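Have a look at the structure below before the remarks.
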Amino acid sequence: DGAAIINSDDKNIKGHMPSINTQILRYGIEQRDGLNCYTEDNILRVFIDQRYRMELSFEDFRLRGKHNLSNLMAAVLCVAYVGVKRNVIEKVISQFSGLPHRLQYVKTLNGIAFYNDSKATNLDSFLSAVRSFNEKLIVIMGGIFKGGDLDSLVEEVRDRIRAAILIGSSKELFIEALKGKIPFIVADDMRDAVSKAYSVSQPGDVVLLSPACSSFDMFEDYRDRGNSFIKAVEELWEKRSE
């Protein structure tokens, strides 16, 4: 009894599949053939056996990035295998906002969505966050810089970013890297950063806190920084709703 849930996009795991002596349920984003769960438009198609087929909408799934979609498919296969009903799965998909401070959806104000990715404390995690969005971004970034090739990063993301709002002790470093490539604004604190990000955004844009730096110059830790962002967004919401 039981089943193994396998990511068919993971080349490293394919070599171990012959040694798995149980039912194998496969999912993937890169292909569809022979899979038990795959995507088509905004639909997850799920097939366990001849008795269990299901189509699920994930149009309201709030988590961004292929890695989160892949995680969703694995979770759906797990609960589908044990017989959880479609309406329950779709309800959870629409309501789940992910872990705090990791591409966490906060709120949408006048067509502008706010995401908290305070856990992004280095250039690699910042790049992953930026790649998770198709919309134009206003990024809030800065803090204690951990090192890395800023110039190469800027070249890779410059077409995705409408503006950068800079905070923290690394402001001057980021100014030099962004100058002439990505518009930037310097902010005094998180409340000021959120306000300035909103002021330069357009409907359909995303305001993304993804600092690419550690937080200890201005905050206790990344959680404190993320919570400060959420509080500033809530204050902006209340102010604009008056």
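The values are calculated or read from the model by the stated rules, or taken from the named source; none is laboratory data. Computed from a predicted structure; not experimentally measured. No Cβ is skipped: glycine too gets one built from the backbone with ideal geometry, and neighbour counts run over all protein chains shown.
State whether one or more residues within region 31-48 are touching a residue at least 40 places away in the same chain (Cβ under 8 Å) and under 20 Å from LEU103 (Cα atoms). No, region 31-48 has no match at all.
Evaluating GLY142 against the criteria (1) assigned by TED's automatic domain parsing to the domain that holds LYS66; (2) touching a Cys at 6+ places or on another chain (Cβ under 7 Å) leaves one unmet condition, (1). In region 96-110, the residues that are assigned to a strand (DSSP E or B) reach residues that are modelled with pLDDT of 95 or more and acidic (Asp, Glu) with C-beta atoms within less than 9 angstrom, at least six apart or across chains, in these pairs: GLN104/ASP117; VAL106/GLU234; LYS107/GLU234. Could you say whether any residue in region 140-159 is within 19 Å of the chain's Cα centre (by Cα) and in a strand (DSSP E or B)? Among the residues of region 140-159, at least one is within 19 Å of the chain's Cα centre (by Cα) and in a strand (DSSP E or B), which makes the answer yes. Applying a threshold of 9 Å to beta carbon distances and a minimum spacing of six or more residues, or different chains, the list of pairs starting in region 222-236 at a residue that is without any contact (Cβ under 8 Å) to a residue 60 or more places away in the chain and closer than 19 Å to PHE126 by Cα and ending at one that is of a type in the set (D, E, K, R) and in a helix (DSSP H, G or I) reads SER228/ARG191.
Are any of the residues in region 16-26 closer than 21 Å to LEU103 by Cβ, surrounded by 12 or more Cβ atoms within 10 Å (Cβ to Cβ) and without any contact (Cβ under 8 Å) to a residue 60 or more places away in the chain? The answer is no, given that none of the residues of region 16-26 is closer than 21 Å to LEU103 by Cβ, surrounded by 12 or more Cβ atoms within 10 Å (Cβ to Cβ) and without any contact (Cβ under 8 Å) to a residue 60 or more places away in the chain. Among the residues of region 164-171, is there at least one that is outside any loop (DSSP other than H, G, I, E, B), among the charged types (D, E, K, R) and within 24 Å of LEU99 (Cβ to Cβ)? No, region 164-171 has no match at all. The number of residues in region 8-41 that are more than 22 Å from the chain's Cα centre (by Cα), in a loop (DSSP other than H, G, I, E, B) and within 12 Å of LEU77 (Cα to Cα) comes to 2.
Residue-wise test of (1) in contact (Cβ under 8 Å) with a residue 12 or more places away in the chain; (2) in the same structural domain as ILE167 (by TED's automatic domain parsing); (3) in a loop (DSSP other than H, G, I, E, B); (4) β-branched (Val, Ile, Thr).
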| site | (1), (2), (3), (4) |
| --- | --- |
| PHE114 | yes, yes, no, no |
| LEU127 | yes, yes, no, no |
| VAL130 | yes, yes, no, yes |
| GLU135 | yes, yes, yes, no |
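Taking the condition assigned to a loop (DSSP other than H, G, I, E, B) and surrounded by 14 or more Cβ atoms within 10 Å (Cβ to Cβ), does LEU44 pass? Answer is no for this residue.
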